[in-house]
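Comments concern the structure below.
The values are calculated or read from the model by the stated rules, or taken from the named source; none is laboratory data. These figures come from a predicted structure and were not determined experimentally. Positions of Cβ are generated from backbone atoms using ideal geometry, with glycine treated the same way; all protein chains shown enter the neighbour counts.
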Amino acid sequence: MSTLLIRGGHLIDPAAGVDGLKDIVLKDGRVAEIAGPGKAKHVEDAEIIDATGLTVAPGLIDIHVHLREPGQGHKETIATGTAAAAAGGFTAVAAMPNTTPTNDSPEITRWMQAPERGSSVRVFPIGAATRGLKGEVLNDYAALKSAGVVAVTDDGHPILKDNIMREVLLQATRNGLSVIQHAEDTRMTQGASMNAGATAFRLGLRGMPPEAEYGLVERDIRLVSELVQAGAGKAGPQPHLHVAHTSTAQAVAAVRQARRNGLRITCEVAPHHFLLTEEHVGCYDTHAKMNPPLRSAADRDAMIQGILDGVVDAIATDHAPHAAHEKEVEFERAPNGITGLETALGLSLRWLHHEWKLPIGRVLSLLSAQPAALLNLKGRGTLAVGSFADVVVFDPKQEWTFHAKDSKSKSKNTPFDGWTMQGRVRFTISEGRVVYRG
Amino acid sequence: MSVTTLSLDDVSHLLARATFLEQEDPLERTKRLAKRKIALLFYESSTRTRTSFELAAKGLGADTTLVSSLSSSIEKGETLKDTGLTLRALGAEAIILRHPNSGSPWLLEQETRLPVLNAGDGMHEHPSQALLDLRTILTHLRSGVTSVAPDTLAGVTVMIVGDILHSRVARSNMLLLPRLGARVILCGPPALLPETAVEAGPGIEIERDFTKALAQSQIVMMLRIQAERLAGLQLDLEEYKTSYQLNQDRLKNYAPNAVVMHPGPIIRGLEITAEVADGPQSAILEQVHNGVAIRMALVERALTVAKKGGQA
C-alpha cells in the first residue's frame, strides 16, 4: 500500500493530547509518523496531501446508523450508506441490526463486512440482542462477537421484560459486549407519531410521553445496578449499558446520576435532538418524524447542556434512510427516521463549537475518540502512531450549504436540507485509502 | 385546511358569500362554477359533510365525483398521493378530502398542487364545521351581524363537552371562536380532555364540572364519543352519562336559555337525550342546514382564488 503524507495541517487529536501544526505519514493502513512541519522522515514516494489551513483529525465514528442491508436495499445499501459516511468525514460506522433478516447470526455479521458490499469505510455490525428483535430468546453472543459484532441491541424494539433485559445485560457482560438500548416503553406509545404535549394536541396527533423514554432508562439503570450489586463484572469488564439517542431531560439526568453512582452507563445524542424541537413538525413534515421524536425546547436545551457539561458521551446520527415514496405519505403512516451522516460534523461545528463555544477538540472527541472508547474500537478515534490510518481533513472556516439532492445516501429524508454548515470535509481517509475528496 | 389559516377578513367574506349564495336564484347560482370539476375524496364515512359539500358544489353548477375508500383503488393499496394525481389527471380542479389521518390535506395539496378543502382530517380539524357553527351562533346571538371582528363574540361563553381529545370539531372551534372574542370552556373527563388542551390557543379554559360549566354558557356544544378513535381506551359509559350527559333537567336548571349544538352524528341517550336533541333549545338541524351555504362559499373560494393563481 502506498504512503500518504498529510502536510501542513493543524492536527487535533484529543485522545493523544495533540493540538498543533503537524505532518502525518500514513503507511500500510496505519499511522506511521507524526512530526513537526517539514520534519517527517519516512516520506519517500509518498503521495502528498496539502492540508495547509485545514484541520486534520481522527476519522469520525458514528455508533448509530442504519445501513439497511441485508434486505432493504431500496432505502440504502452498505455501499451508498458508507459513501455518505465518507462524505461526512466518518471512517467507521456501527450498523444497527434491524435489517431483513435481522442481524442475529455470525453469517449476516460477516456478510455485512465482506468486501463485496463495496464499503467505503469500516462497518462494525451491532448484533440483535434477541432473536428476530422479539425480546424473548437471546442470541449467541460469543458467536456474534467472534464474527465481529461490537455490541448488542434490539434497537427500535426495546426489551421491556425485566428478566430478559437482565439476562441480556448479564450475557453481554460475560462476553465483553456493550448493551445498547433504544429506550421507549412501547406500551405507552401505541399509535403515537410525535412528542406528547400541546403541539401534538393541536395537530391532532397522538403523542409519545417523555416518561416512555426516561422510565425505561431508569428501569435499565436499576437492572445494571442490581447486577453490579450481585457481583457481575467483578472479575472482568463491568456491565455497560449505552442509552441510544437520548431525547428527554429526565433521561440525561438519570444517566448523570447513575454515573455519579459509579455505574458504566453512557449515552449519545443525535444532532436533530440538540437542534430541533417538536415545533419543526410544522405542517406534518415527515422529515421531522423520527423515534425518539423531536421534543420540547426544554428537552432540546437539556441535550445541549448535557453535551457541554460532559454527561453525553457521543454524538451519533441515527442515520435512518427511507425511500422518498415511503416518506410521501400521511404523517402518521410515515416511517420514523432521517439521514444524518453528511450533516453531523457541519452542524456540530456550527452550533456546538461556534454558537455554544464547545472547544473544537471536545466536538471532535464526541465524534471520534469517545465513540471509539464506548464500543472498544481499538486503534480508532486517535491518530497516535500505530493507530489505523482513519483521518478526516476539513476546512474549519468554510461555511457551506447542505443540499439533500446532492447526498451520497440513496435517501434524501433530512430536515437539514438548505441549512448552513460549518467546516467542509476535504479528505476522508479510511485505513490509508482516500475514500472521499471534497 | 385549518381555521388558523383563515384571517378574520376571510371569515367575514365567507359568511357574507354564504348568505349571498344561499339567497341567490338557484339557476343564476349554477352558472358560477358551471361544469367545473370537483372531486370528493372520502376515506371515512360521512352523511352531513359529504352531502352538504356535494349539494354545495352542485348548487354552484360544478360537476362532482365521489371517490370513497371502499369501492375504489384505495382498497387495493393506492396511496393518497397517487389517488390525488389520478383525480387531477381526470380533470379535478379541486379536491374535498376527508381522511382518518391528521394533516393529510397538506400532503394532498403538496403532491397535487390543487386546492384542497379539508372536510375533516383525523383528530386535527374540521374547518367547515367551525364556520357553519359560527354562522349558527351568530344567527342566535348576534342577529344581523354580517362581518366579524376580534370583539364580535365578546361576552359569549361557548362550552364544548365530551370527547375533546379525538374531536376535530372541537379543535376547529376552540381555535376559531376565541379569535372573535368568545370564551371557550372545555368540559370532559381527563381521559378525553388532557390538560394540555388549554395550551392549544388563547381563550381556552377547562372546567370539569359539567353543571358549573353549563351555568356559564350561552352555547353548549355536545360531542359524540368517538368509539373508532378510542384506541383501547376503556370508558365507563354509565359513569360518563352520569357526569356529562345533557338532559332536560340539567338544561332547565343550569342553562335554560342556552343554544344546544352538536356536530352530529348524535348518539341519542348517550351524550344527549332525545328530548334535548329534539327540544326547543336545540340548533342541531339548523347547523346541518347552514352547512350547505358555508360550503358553497368555501367551494367558490377554492376555485376562484385558485384560478387567480393564489393560495387555496
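Residue-by-condition table, conditions (1) in a strand (DSSP E or B); (2) modelled with pLDDT of 95 or more:
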residue: A:Met1; (1), (2): no, no
residue: A:Leu4; (1), (2): yes, yes
residue: A:Leu11; (1), (2): yes, yes
residue: A:Gly20; (1), (2): yes, yes
residue: A:Lys41; (1), (2): no, no
residue: A:Thr52; (1), (2): no, yes
residue: A:Val56; (1), (2): yes, yes
residue: A:Gly73; (1), (2): no, yes
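Would it be correct to say that A:Ala83 is in contact (Cβ under 8 Å) with a residue 12 or more places away in the chain and either part of a helix (DSSP H, G or I) or in contact with a Lys or Arg (Cβ under 7 Å, 6 or more places away or on another chain) (or both)? When the stated conditions are applied, A:Ala83 passes them. Taking residues in region B:231-248 that are of a type outside the set (Gly, Ala, Ser), and partners anywhere that are loosely packed, with under 14 Cβ neighbours inside 10 Å and assigned to a helix (DSSP H, G or I), the pairs with Cβ atoms closer than 6 Å and at least 6 places apart or on different chains are B:Gln248/B:Glu275.
Among the numbered criteria (1) at pLDDT 95 or above; (2) surrounded by fewer than 21 Cβ atoms within 10 Å (Cβ to Cβ); (3) farther than 16 Å from B:Gly155 by Cβ; (4) not small (Gly, Ala, Ser), which single criterion is violated by B:Glu228? For B:Glu228, the exception is condition (1). Looking only at residues in region A:206-221 that are in contact with a strand residue (DSSP E or B) (Cβ under 8 Å, 6 or more places away or on another chain) and assigned to a helix (DSSP H, G or I), the one that is farthest from the other protein chains (Cβ to nearest Cβ) is A:Ile221. The residues in region A:193-219 that are closer than 14 Å to B:Ala231 by Cβ and surrounded by fewer than 21 Cβ atoms within 10 Å (Cβ to Cβ) can be counted, and the count is 0. Restricting attention to region A:95-120, the residues that are out of contact with any Gly (no Cβ under 7 Å at 6 or more places or on another chain), among the hydroxyl-bearing types (Ser, Thr, Tyr) and within 17 Å of A:Ile180 (Cβ to Cβ) total 0. Within region B:173-191, the presence of a residue that is basic (Lys, Arg) and assigned to a loop (DSSP other than H, G, I, E, B) is excluded.
Restricting to region A:150-166, what's the tally of residues that are among the polar types (S, T, N, Q) and surrounded by 18 or more Cβ atoms within 10 Å (Cβ to Cβ)? Residues that pass the stated criteria total 1. Restricting attention to region A:194-205 and to residues that are at the interface with chain B (Cβ under 9 Å from one of its Cβ atoms) and in contact (Cβ under 8 Å) with a residue 40 or more places away in the chain, the residue that is farthest from A:Lys289 (Cα to Cα) turns out to be A:Gly197. Do we find that B:Leu153 is within 20 Å of B:Leu8 (Cβ to Cβ), more than 14 Å from chain A (Cβ to nearest Cβ) and assigned to a helix (DSSP H, G or I) in this structure? When the stated conditions are applied, B:Leu153 does not pass them.
If we keep just the residues of region B:57-115 that are over 21 Å from B:Gly291 (Cα atoms) and of a type in the set (Asp, Glu), which is nearest to the other protein chains (Cβ to nearest Cβ)? Out of the qualifying residues, it is B:Glu111.
Residues in region A:39-57 include none that are surrounded by fewer than 24 Cβ atoms within 10 Å (Cβ to Cβ), under 19 Å from A:Leu341 (Cα atoms) and free of Cβ contacts under 8 Å to residues at least 40 places away in the same chain. Of the residues making up region B:108-137, those that are under 11 Å from A:Gly204 (Cβ atoms) and part of a loop (DSSP other than H, G, I, E, B) number 4. Checked against the criterion of being out of contact with any helix residue (DSSP H, G or I) (no Cβ under 7 Å at 6 or more places or on another chain), hydrophobic (A, V, I, L, M, F, W, C) and not in a strand (DSSP E or B), the candidates B:Leu235, B:Leu214 yield just one match: B:Leu235. Looking across region A:124-137, the residues that are surrounded by fewer than 18 Cβ atoms within 10 Å (Cβ to Cβ) and outside any loop (DSSP other than H, G, I, E, B) come down to A:Arg131, A:Gly132.
Does region A:179-191 contain at least one residue that is away from chain B (no Cβ under 14 Å), more than 30 Å from B:Leu165 (Cβ to Cβ) and out of contact with any helix residue (DSSP H, G or I) (no Cβ under 7 Å at 6 or more places or on another chain)? Checked against the condition, which is being away from chain B (no Cβ under 14 Å), more than 30 Å from B:Leu165 (Cβ to Cβ) and out of contact with any helix residue (DSSP H, G or I) (no Cβ under 7 Å at 6 or more places or on another chain), region A:179-191 yields at least one hit.
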